[in-house]
Amino acid sequence: MREVLSAGEMSFREESGRWVVEEVSNQSTGYCPDVSSWPAVAEAPDRIGIHHPSGFTHEVVFRRCRSCQELSIVWEENFVCVFCGEDLPRKRNVGEPG
Ligand SMILES: [Zn+2]
């Protein structure tokens, strides 16, 4: 089995008769990819010649709460667990080491 390089959501739109990538995010609560996985994401549309943004249009930061063990999404640098209000670690602690 090969490691997962990134995951998330990608949407496309048609522009002058060609498909281009409209929005890309790393929002995958299954894999919790780090935002640093962008180069692996860009490789797929590059390979088939589809234009894409220069980075994630929606960057999602994941942290595992040390207190309640729930997976939280960090909103606007606000490192607080949405489930129990505990402070979330600044250092990445989910998915592959980023
Ligand atoms: Zn919590």
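The values are calculated or read from the model by the stated rules, or taken from the named source; none is laboratory data. Quick caveat, the model's predicted, so the values are computed rather than measured. Note that each Cβ is placed from the backbone with ideal geometry, even for glycine, and that neighbours are counted across all protein chains shown.
Data table
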| read-out | value |
| --- | --- |
| Check on GLU86, exposed (fewer than 12 other Cβ atoms within 10 Å of the Cβ), out of contact with any helix residue (DSSP H, G or I) (no Cβ under 6 Å at 6 or more places or on another chain) and of a type outside the set (Lys, Arg) | no |
| Among the candidates VAL61, VAL24, VAL35, residue that is modelled with pLDDT of 95 or more and aliphatic (A, V, I, L, M) | VAL24 |
| Listing of strands (runs of 3 or more DSSP E) fully contained in the chain that carry 3 or more residues being more than 16 Å from the ligand (Cβ to nearest atom) | 9-15, 18-25 |
| Test: residue in region 76-93 that is hydrophobic (A, V, I, L, M, F, W, C) and closer than 19 Å to GLU9 by Cα | no |
| Selection count where residues are free of Cβ contacts under 8 Å to residues at least 24 places away in the same chain and on the phi > 0 side of the Ramachandran plot, scope region 27-54 | 1 |
| Test: residue in region 40-53 that is surrounded by 14 or more Cβ atoms within 10 Å (Cβ to Cβ) and basic (Lys, Arg) | no |
